[in-house]
Amino acid sequence: MAQTQAQTGTATKEMTGKPLIESDRVEGTTVYDPRGNDIGSIKRLMIEKVSGRVAYAVMTFGGFLGIGADEHAIPWGKLTYDTGLGGYRTDITLDQLQRAPAFSRDPQYDWRDRQREQELHDHYRTPYYWGA
């Protein structure tokens, strides 16, 4: 019997449908850990103004019906769309996500602070999107 991609744990970049996707269709998409467990969903995308590249996906997890949920930004490069799951697969575990530097919508949270971003990328062991 043939195994599906979800059973084998392989993600695909196979093109289905349109070559581009609208941001509102990405928002709410489930994110799965390496074992295929639902660890949260994408709430919004953080886009670098000058280049237009997606830098981060802000994930939401925990809580009940959106109340008490945590938000964390993860580097966009840590996500791969898996057509078998109908969502994004990542090598990030729920434990890593819970221990990650938190995303904040607080006006005091300064996204211009590269040190904070470096801490985030270092936590996930991923290259800096700005090419430092």
Residue hits (segment 75-91; out of contact with any Leu (no Cβ under 8 Å at 6 or more places or on another chain) and under 22 Å from R114 (Cα atoms)) are G77, K78, L79
If L120 satisfies all but one of (1) modelled with pLDDT of 85 or more; (2) under 18 Å from G36 (Cα atoms), what's the number of the condition it fails?
(2)
When the residues of segment 65-100 are narrowed to those that are surrounded by 15 or more Cβ atoms within 10 Å (Cβ to Cβ), among the hydrophobic types (A, V, I, L, M, F, W, C) and over 13 Å from the mean Cα position of the chain (by Cα), which ends up modelled with the highest pLDDT?
L85
Pull out all pairs, ordered by first then second residue, where Cβ-Cβ is under 7 Å, the residues are six or more apart or on different chains, the first lies in segment 13-28 and is within 15 Å of M46 (Cα to Cα), and the second is modelled with pLDDT of 75 or more and surrounded by 10 or more Cβ atoms within 10 Å (Cβ to Cβ).
S23/L45; V26/I42; V26/L45; E27/I42; E27/K43; E27/R44; G28/S41; G28/I42
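Residue by residue, here is whether (1) closer than 26 Å to Q118 by Cα; (2) exposed (fewer than 15 other Cβ atoms within 10 Å of the Cβ); (3) at pLDDT below 75 holds:
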| site | (1), (2), (3) |
| --- | --- |
| G9 | no, yes, yes |
| P34 | yes, yes, no |
| N37 | no, yes, no |
| I42 | yes, no, no |
| G63 | no, yes, yes |
Taking into account only those residues within segment 110-130 that are within 16 Å of G77 (Cβ to Cβ) and of a type in the set (D, E), which is most open to solvent (accessible area, probe 1.4 Å)?
D122
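The values are calculated or read from the model by the stated rules, or taken from the named source; none is laboratory data. As the structure is a prediction and not an experimental result, all values here were calculated from the model. Please note: Cβ atoms are built from the backbone with ideal geometry, for glycine as well, and neighbour counts cover all protein chains shown. Surface accessibility is based on the protein's heavy atoms, side chains included, excluding ligands, DNA and RNA. Shrake-Rupley method; radii C 1.70, N 1.55, O 1.52, S 1.80 Å.
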